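Peer 1: Input: one structure, supplied below.
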């Protein structure tokens with residue numbers, strides 16, 4: 001194997017120090033946590049192609065901020081390891097400090113509550129009715145009329161709970177079914193009498 005190739009791949013070069021390689025990902029990580037928190041849960045939910053484009057271009061834009069002008073494998077490994085280590089430490093810290101976790105991640109947002117669509121919450125999160133309907137269908141709910149609750153979680157996931165029929169609805173549906181069966185029997189009886 002060519003020694004120049006190995007040197008180019010793994011040599012950190014004089015322009016970027018190891019300390020800088022450790023600090024750059026840390027600064028970018030903090031920026032992303034704060035930026036995504038301020039941008040809202042919608043960005044994490046990726047509700048439309050525009051949100052996905054923003055996340056993809058954001059990662060590409062910040063790539064150079066993490067590794068600088070160093071394109072060595074060693075530089076990339078140092079930057080990546082730093083990101084993973086910082087994330088591990090933050091997650092462990094937040095796991096033990098629930099109040100701080102709520103400040104960092106935010107609270108869930110109820111988009112539908114007791115079957116009522118919360119239009120003010122949809123507007124705050126910039127979620128259209130169409131996007132809400134699509135998200136409901138992805139979870140096997142045919143229409144928003146079947147939704148009891150829809151929650152936009154801090155991590156961006158939308159969780160839907162379908163309405164459970166109350167006993168009065170079940171009795172009503174059973175009575176309607178029996179009434180329809182009696183109507184059909186009566187219709188058949190009238191046909192039989194009219195032929196006879």
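Peer 1: Condition test on residue 70, is it part of a loop (DSSP other than H, G, I, E, B), out of contact with any strand residue (DSSP E or B) (no Cβ under 7 Å at 6 or more places or on another chain) and at pLDDT 80 or above?
Peer 2: Against the criterion (part of a loop (DSSP other than H, G, I, E, B), out of contact with any strand residue (DSSP E or B) (no Cβ under 7 Å at 6 or more places or on another chain) and at pLDDT 80 or above), residue 70 does not qualify.
Peer 1: Next question. Which one of 132, 83, 126 is under 27 Å from residue 152 (Cα atoms) and not assigned by TED's automatic domain parsing to the domain that holds residue 150?
Peer 2: So the residue among 132, 83, 126 that is under 27 Å from residue 152 (Cα atoms) and not assigned by TED's automatic domain parsing to the domain that holds residue 150 is 83.
Peer 1: Any residue in the range 37-56 that is surrounded by 15 or more Cβ atoms within 10 Å (Cβ to Cβ), out of contact with any strand residue (DSSP E or B) (no Cβ under 9 Å at 6 or more places or on another chain), closer than 24 Å to residue 78 by Cβ and modelled with pLDDT of 75 or more?
Peer 2: no
Peer 1: Still on this structure, please answer the following. Does the range 156-173 contain any residue that is at pLDDT below 90, closer than 30 Å to residue 49 by Cβ, surrounded by 15 or more Cβ atoms within 10 Å (Cβ to Cβ) and touching a helix residue (DSSP H, G or I) at 6+ places or on another chain (Cβ under 9 Å)?
Peer 2: Yes, some residue in the range 156-173 is at pLDDT below 90, closer than 30 Å to residue 49 by Cβ, surrounded by 15 or more Cβ atoms within 10 Å (Cβ to Cβ) and touching a helix residue (DSSP H, G or I) at 6+ places or on another chain (Cβ under 9 Å).
Peer 1: Any idea which of 148, 120, 180 is within 30 Å of residue 36 (Cβ to Cβ), modelled with pLDDT of 90 or more and loosely packed, with under 13 Cβ neighbours inside 10 Å?
Peer 2: Values: 148 fails: loosely packed, with under 13 Cβ neighbours inside 10 Å; 180 fails: within 30 Å of residue 36 (Cβ to Cβ).
None of the others qualify; the one that does is 120.
The values are calculated or read from the model by the stated rules, or taken from the named source; none is laboratory data. A quick note: this is a predicted structure, and the numbers were derived from the prediction, not measured. Note that we place each Cβ from the backbone using ideal geometry, even for glycine, and neighbour counts take in every protein chain shown.
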